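Here the structure is laid out as structure tokens; the discussion comes afterwards.
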Amino acid sequence: AVNDSEVTPFSVPSYACQRRSTLKNHNAVLTDSLSLLAENAELSDEDGRGVAFRRAAAVLKALPSAVTKMSQLKGLPCLGEHSLRVIKDILENGASSEVESTKESERFKALKVLTGIFGVGSKTADRWIREGIHNLQQLRDSGQTLNRAQQAGLEHYDDIKQPVSLAEAEAIRGIVGRAVASVSPEAQIVLTGGFRRGKLTGHDVDFLITHPEEGSEVGLMPKLVSWLESQGLLLYQKTTRNSYLEGSEGPGRPPSNIDRFERCLSIFKLSAGQTGRGVQSEETAASPSAAERRWRAVRVDLVVSPISQFAFALLGWTGSKLFERELRRWAGHEKGMSLSSHALYDNKQGRYIRASSEEEIFAHLGLEFIPPTERNA
Ligand code: DGT
Ligand code: MG
């Protein structure tokens with residue numbers, strides 16, 4: 001047996017954007033537990049606690065082997081008292097009592113089910129729970145007024161909770177690619193989100209679209225959506241101006257061409273024939289079987305960016321969510337800069353910094369380039 005003094009402590013830089021996080025995880029039991037507590041905090045509107053658990057999980061994901069002793073964690077960043085207690089419980093007892101009781105709690109289960117409905121956030125779910133609604137049947141029976149997104153979400157619940165496969169993502173890429181080519185032949189499309197990071201499944205499929213000529217992307221989204229609708233490919237769509245991260249842009253930020261940056265949240269109708277391997281939805285009492293329907297609903301996000309912002313949009317929409325958050329924290333705290341999926345702003349110099357590739361953005365931030373497949377923090 002190895003005694004404590006022979007255990008080499010791990011060493012990890014403190015920001016997730018300074019680390020290479022592949023999909024290989026030697027500490028899945030620990031990180032699943034911390035992620036569940038993070039999820040519970042986020043669903044309870046305790047974002048600070050959520051981020052703390054996410055950061056702790058990300059540090060463990062970055063370790064080169066499994067943690068077996070608490071002494072190995074000495075000196076590691078982002079491991080707070082609470083996370084350490086959870087880890088210790090698991091290492092010593094095989095499970096964390098807090099994680100187990102959270103998992104079994106009626107409130108957590110109800111929050112998971114209700115926020116699993118597309119269009120339902122934690123605030124709405126919380127209100128429903130206080131009104132005694134804990135599951136889909138109770139929601140259907142309650143006569144609650146649902147908006148268009150929530151109606152679609154409830155209708156396609158079983159399909160949407162089913163993970164999207166890489167084959168399905170590629171099939172949708174083919175469809176959206178054809179749609180883009182027919183409305184704007186020069187436009188370019190990239191698969192972003194988890195699939196760009198090398199994941200084999202996802203909860204949705206994310207695309208970023210741009211045009212090599214600045215300004216020619218204007219009006220592209222409505223044309224694209226009309227084309228898709230005319231082909232009967234959309235079960236739901238809502239196009240919005242992107243307002244994510246507003247307020248985190250540089251102070252005194254002039255009104256810019258951000259208004260052109262559009263996002264379409266949609267639910268695709270993917271035919272079985274289009275993936276070549278049939279739909280993977282489970283048969284349920286509420287909806288006809290996949291075999292009878294021969295299609296499934298898939299969540300798809302489309303984003304259009306002007307070419308001048310493309311590198312920032314690509315970096316911002318590739319994720320992971322924690323990696324993005326850590327990049328912005330690094331930019332703000334270590335470099336006095338504000339990073340968004342539109343731009344990089346130098347607060348001291350009071351000016352925007354241009355970049356035409358992700359590599360350039362990392363360089364401006366004084367960070368080693370981390371490729372997409374190593375951004376799985
Ligand atoms: P998934 O779909 O479960 O496999 O996971 P991801 O990593 O694809 O996550 P997703 O689809 O929620 O979002 C894709 C990336 O886009 C995410 O890593 C961070 C970024 N993102 C998500 N929502 C927004 C948003 O509203 N605005 C911006 N700028 N970025 C977002
Ligand atoms: Mg995604």
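The residue pairs whose first member lies in segment 192-207 and is within 6 Å of ligand 2 (Cβ to nearest atom), whose second member is open to solvent by less than 20 Å² (accessible area, probe 1.4 Å) and in a loop (DSSP other than H, G, I, E, B), and whose beta carbons are closer than 9 Å, counting only pairs six or more residues apart or on different chains, are 193/204; 193/319; 194/204; 194/319; 194/320; 194/376; 206/192; 206/319.
At least 2 residues being open to solvent by 40 Å² or more (accessible area, probe 1.4 Å) is the threshold, and among the strands (runs of 3 or more DSSP E) wholly inside segment 310-360 those reaching it are 351-353. Here the condition is being within 16 Å of ligand 1 (Cβ to nearest atom) and polar (S, T, N, Q); of 142, 165, 184, it holds for 165 alone. Pairs meeting the criteria (first residue in segment 299-321 and farther than 19 Å from residue 220 by Cβ and of a type in the set (Lys, Arg), second residue near ligand 1 (Cβ under 9 Å from one of its atoms) and open to solvent by 10 Å² or more (accessible area, probe 1.4 Å), beta carbons under 6 Å, at least 6 apart or on different chains) are 299/204.
Checking the conditions here, which among 166, 136 is open to solvent by less than 50 Å² (accessible area, probe 1.4 Å) and either β-branched (Val, Ile, Thr) or at pLDDT 95 or above (or both)? On inspection, the qualifying residue turns out to be 136.
I'd like the residue in segment 158-186 that is more than 17 Å from residue 233 (Cα to Cα) and in contact with a Leu (Cβ under 6 Å, 6 or more places away or on another chain) and, out of all such residues, is farthest from ligand 2 (Cβ to nearest atom). Of everything passing the filter in segment 158-186, 184 is farthest from ligand 2 (Cβ to nearest atom). When segment 316-340 is examined, which residues are found to be more than 22 Å from residue 57 (Cα to Cα) and touching a Ser or Thr at 6+ places or on another chain (Cβ under 8 Å)? Selection gives 332, 338, 340. Pairs meeting the criteria (first residue in segment 98-110 and part of a helix (DSSP H, G or I), second residue of a type outside the set (A, V, I, L, M, F, W, C) and surrounded by 15 or more Cβ atoms within 10 Å (Cβ to Cβ), beta carbons under 7 Å, at least 6 apart or on different chains) are 99/33; 102/40; 106/134; 108/40; 108/102; 110/134.
Go through segment 175-191 and give me each residue that's free of Cβ contacts under 8 Å to residues at least 12 places away in the same chain and under 23 Å from residue 271 (Cβ atoms). Matches in segment 175-191: 178, 181.
Among residues of segment 192-229 being over 13 Å from residue 176 (Cα atoms), open to solvent by 20 Å² or more (accessible area, probe 1.4 Å) and among the polar types (S, T, N, Q), the one that is farthest from ligand 1 (Cβ to nearest atom) is 216.
Does residue 187 fit the bill of being open to solvent by 40 Å² or more (accessible area, probe 1.4 Å) and small (Gly, Ala, Ser)?
Numbers: open to solvent by 40 Å² or more (accessible area, probe 1.4 Å): no; small (Gly, Ala, Ser): yes.
In short, no.
So, residue 45, is that one more than 18 Å from residue 9 (Cβ to Cβ) and in a helix (DSSP H, G or I) or not? For residue 45, the condition - more than 18 Å from residue 9 (Cβ to Cβ) and in a helix (DSSP H, G or I) - is not met. Filtering segment 44-60 to residues that are surrounded by fewer than 15 Cβ atoms within 10 Å (Cβ to Cβ) and either touching a helix residue (DSSP H, G or I) at 6+ places or on another chain (Cβ under 7 Å) or at pLDDT below 95 (or both) leaves only 45. Pick out the one residue from 276, 316, 232 that is more than 30 Å from residue 47 (Cβ to Cβ), modelled with pLDDT of 95 or more and among the small types (Gly, Ala, Ser). Sole residue among the options that is more than 30 Å from residue 47 (Cβ to Cβ), modelled with pLDDT of 95 or more and among the small types (Gly, Ala, Ser): 232. Within segment 21-42, the set of residues being over 19 Å from residue 103 (Cβ atoms) and without any contact (Cβ under 8 Å) to a residue 12 or more places away in the chain comprises just one member, 24. Residues considered: 145, 115. Of these, the only one that is in contact (Cβ under 8 Å) with a residue 40 or more places away in the chain and of a type in the set (S, T, N, Q) is 115.
Any idea which of 63, 37 is open to solvent by less than 60 Å² (accessible area, probe 1.4 Å) and either closer than 22 Å to residue 368 by Cβ or in contact with a Cys (Cβ under 6 Å, 6 or more places away or on another chain) (or both)? Break it down stepwise before answering.
On the way: 37 fails: either closer than 22 Å to residue 368 by Cβ or in contact with a Cys (Cβ under 6 Å, 6 or more places away or on another chain) (or both).
When all the criteria are applied, what remains is 63.
The values are calculated or read from the model by the stated rules, or taken from the named source; none is laboratory data. Everything numeric here is computed off the predicted structure, so don't read it as measured data. Neighbour counts run over all protein chains shown; Cβ positions are idealised from the backbone, glycine included. Calculation scope for accessible area: heavy atoms of the full protein, side chains included, ligands and nucleic acids excluded. Shrake-Rupley method; radii C 1.70, N 1.55, O 1.52, S 1.80 Å.
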